[in-house]
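What follows is a set of notes on a single structure, which appears directly below.
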C-alpha cells in the first residue's frame, strides 16, 4: 500500500486543483467532514491506482455507474469506433438497437426518451405526471434521493398535520439558495414502507397529487428493502386515486438484474427513471421510460423535453454496448458479479464478528450497504447521523487498506470482479475492521 514515490505528490496536486475547484471536489452535500479526493492515473478491471502508486479494489464504481469494469475492451472499442465514425449528430444508426434493448428488459419501457442526468430526468417525469393528471403535487419519501433540484431534495415534514416539507437546521440534504416555497408548494414528504400512511394521505389529498415517486429499494437511505407487499400496495393505491407511479431506478436499474427492481418485485410503474449503469459508467446517460399513453404527451408536443445532448451518439453507443454485454448468456455477467459480491459480504461480516464489531450488510448484492449497528434497517428513517458517522469510520479504514467504497457505506461491484479481487479484499479487510473496532470502543 505504501507508495514508493513522493508521498506528498498527490496532496500537492490537489492543492493546485483546490485553487480553482471549490473544495477541491466535483460535488458536495452538507456532510460535516471534509473529503480528500484521490486522483487516479490508471484503472483496470476492478482495480485503480492513484498518483502516488497506491492500488485499490474499486467498490465505488463512480457512484455505481461503472458496471462493465475499467478497461472493458468490448465497451471501449464501441466508444472509440463511434468517436471516429459519427461523434456529434442528433440521430445515429444505433438509436433503434439501444431503445429496443431497454424496451426488451425493463417492463415499464413502452416508450423511451434519453437525457444526461438523474436530476433532470426525474424533473421531466414529474412534468409528464402533472400533464397527464392535471394535478400539481407529488409524494416523496423520507430518506429517498431523486437529484439535487430545489423541489425534491431534503426537507422535513411536521409530525402532525399535512406532511409538507420545509428546510431545517442540520439537514444534510438542505441548501441555501433554494427557490422560495419550491418544496412546500409541490410535494408531500412521508415515511416509506408504511402503506397506511400513504393511503390516508391519498384519501385526503389525492385530488391534488399527480405522482408518487419512490426508489423501489431505498439505496440512498441505507439500502433498505421494501416490506413484503409494500410496492404492490403502492401500485394499487396509485391506480385507485389516479396517481402516476414513478420508480426511480437510477441505481437499481441494471444492477438488480436486467429488469431492475420492478421485474424483481413484479410491480410495473407508470414511469421509470434510469441512469448510472445504463451506459456502463464511461459516459453520462439517463432515460425516462414509461407507458405509451403517458409518453404520447411528448409525441403530441403537449409536454416539452429538450436537451442539446439528448440521445447523443456516444451515449447511445454506450447504452447499446452495455446492455449487450450485460444481457449475454441470460445475464450471466450480472449473476457472476453478484456471486462474487456475496462472498465479499460474507468475508466482511465474518471479520466483523471475529473482532466484536456490530455490523449488518443489507440490500441487493449489486447495491448493498454495510452499517455499523446490530440490526438490519427496516426504514430509511433509521439511517440516522449516528449510524452514518460509524459507517464512515469503517469507510475510512477500508480506504487506508486499499478498498474503495462509495457514499458512506455502499459497495458497488462491476462485472469484472474476480476471485483475485475477492482475495485482495480478504487479505486487507481484517486490518480495516480491527482499526474500526478500536475507534468504535473509544466513542461508543
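The values are calculated or read from the model by the stated rules, or taken from the named source; none is laboratory data. If you're wondering where the values come from, they're calculated on a predicted model, not measured in any experiment. Here the Cβ positions follow ideal geometry from the backbone for every residue, glycine too, while neighbour counts run over all protein chains shown.
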**Fill in**
Subset of segment 169-197, residues closer than 20 Å to residue 221 by Cα, more than 23 Å from the chain's Cα centre (by Cα) and surrounded by 11 or more Cβ atoms within 10 Å (Cβ to Cβ), comes to 195, 197
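Results for (1) under 22 Å from residue 63 (Cβ atoms); (2) surrounded by 23 or more Cβ atoms within 10 Å (Cβ to Cβ); (3) without any contact (Cβ under 8 Å) to a residue 24 or more places away in the chain, shown as yes or no for each residue.
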{"position": "356", "(1), (2), (3)": "no, no, no"}
{"position": "366", "(1), (2), (3)": "yes, yes, no"}
{"position": "371", "(1), (2), (3)": "yes, yes, no"}
{"position": "386", "(1), (2), (3)": "no, no, yes"}
{"position": "392", "(1), (2), (3)": "yes, no, no"}
{"position": "417", "(1), (2), (3)": "yes, yes, no"}
**Fill in**
If we keep only residues of segment 290-337 that are free of Cβ contacts under 8 Å to residues at least 40 places away in the same chain and under 27 Å from residue 365 (Cα atoms), then the residue farthest from the chain's Cα centre (by Cα) is 329
**Complete:** Checked segment 138-152 for anything under 18 Å from residue 179 (Cβ atoms) and buried (at least 21 other Cβ atoms within 10 Å of the Cβ); matches are 138, 140, 146, 151, 152
**Item:** Scope segment 153-168; condition buried (at least 21 other Cβ atoms within 10 Å of the Cβ), touching a strand residue (DSSP E or B) at 6+ places or on another chain (Cβ under 7 Å) and either closer than 16 Å to residue 30 by Cα or in contact (Cβ under 8 Å) with a residue 40 or more places away in the chain (or both); matching residues
**Value:** 155
**Asked** Just a yes or no: is a residue in segment 374-381 over 25 Å from residue 230 (Cα atoms), buried (at least 18 other Cβ atoms within 10 Å of the Cβ) and either modelled with pLDDT of 95 or more or not assigned by TED's automatic domain parsing to the domain that holds residue 429 (or both)?
**Response** no
**Request:** For segment 379-416, enumerate the residues that are more than 19 Å from the chain's Cα centre (by Cα) and in a loop (DSSP other than H, G, I, E, B).
**Result:** 401, 402, 416
**Request:** Collect the residues in segment 345-367 that are under 15 Å from residue 394 (Cα atoms) and either in contact with a strand residue (DSSP E or B) (Cβ under 8 Å, 6 or more places away or on another chain) or in a strand (DSSP E or B) (or both), keeping them in residue-number order.
**Result:** 345, 348, 349, 359, 360, 361
**Prompt:** Among the residues of segment 281-300, how many are surrounded by fewer than 24 Cβ atoms within 10 Å (Cβ to Cβ) and either touching a strand residue (DSSP E or B) at 6+ places or on another chain (Cβ under 6 Å) or part of a loop (DSSP other than H, G, I, E, B) (or both)?
**Reply:** 7
**Prompt:** How many residues are free of Cβ contacts under 8 Å to residues at least 12 places away in the same chain and in contact with a strand residue (DSSP E or B) (Cβ under 6 Å, 6 or more places away or on another chain) when one looks only at segment 218-249?
**Reply:** 0
**Prompt:** Mind checking whether some residue in segment 77-93 is closer than 23 Å to residue 275 by Cβ, in the same structural domain as residue 367 (by TED's automatic domain parsing) and touching a residue at least 24 places away in the same chain (Cβ under 8 Å)?
**Reply:** no
**Message:** Going residue by residue through segment 88-95, is there one that turns out to be crowded, with 18+ Cβ neighbours inside 10 Å and in contact with a strand residue (DSSP E or B) (Cβ under 7 Å, 6 or more places away or on another chain)?
**Reply:** no
**Message:** Just checking, does segment 204-217 include any residue being modelled with pLDDT of 95 or more, in contact with a strand residue (DSSP E or B) (Cβ under 8 Å, 6 or more places away or on another chain) and farther than 18 Å from residue 237 by Cβ?
**Reply:** yes
**Request:** Please state which of the following conditions residue 126 fails to meet, knowing it meets all the rest: (1) in a helix (DSSP H, G or I); (2) over 28 Å from residue 264 (Cβ atoms); (3) within 22 Å of the chain's Cα centre (by Cα).
**Result:** (2)
**Request:** Could you please tell me which pairs satisfy a Cβ distance under 7 Å, a separation of 6+ or placement on different chains, a first residue in segment 96-121 that is free of Cβ contacts under 8 Å to residues at least 24 places away in the same chain, and a second residue that is in a helix (DSSP H, G or I) and surrounded by fewer than 18 Cβ atoms within 10 Å (Cβ to Cβ)?
**Result:** none
**Boolean, residue 125 is surrounded by 21 or more Cβ atoms within 10 Å (Cβ to Cβ), within 27 Å of residue 253 (Cα to Cα), in contact (Cβ under 8 Å) with a residue 24 or more places away in the chain and not assigned by TED's automatic domain parsing to the domain that holds residue 213** = no
**Asked** Being under 30 Å from residue 314 (Cβ atoms), under 17 Å from the mean Cα position of the chain (by Cα) and either buried (at least 24 other Cβ atoms within 10 Å of the Cβ) or modelled with pLDDT of 95 or more (or both), is that true of even one residue in segment 222-244?
**Response** no
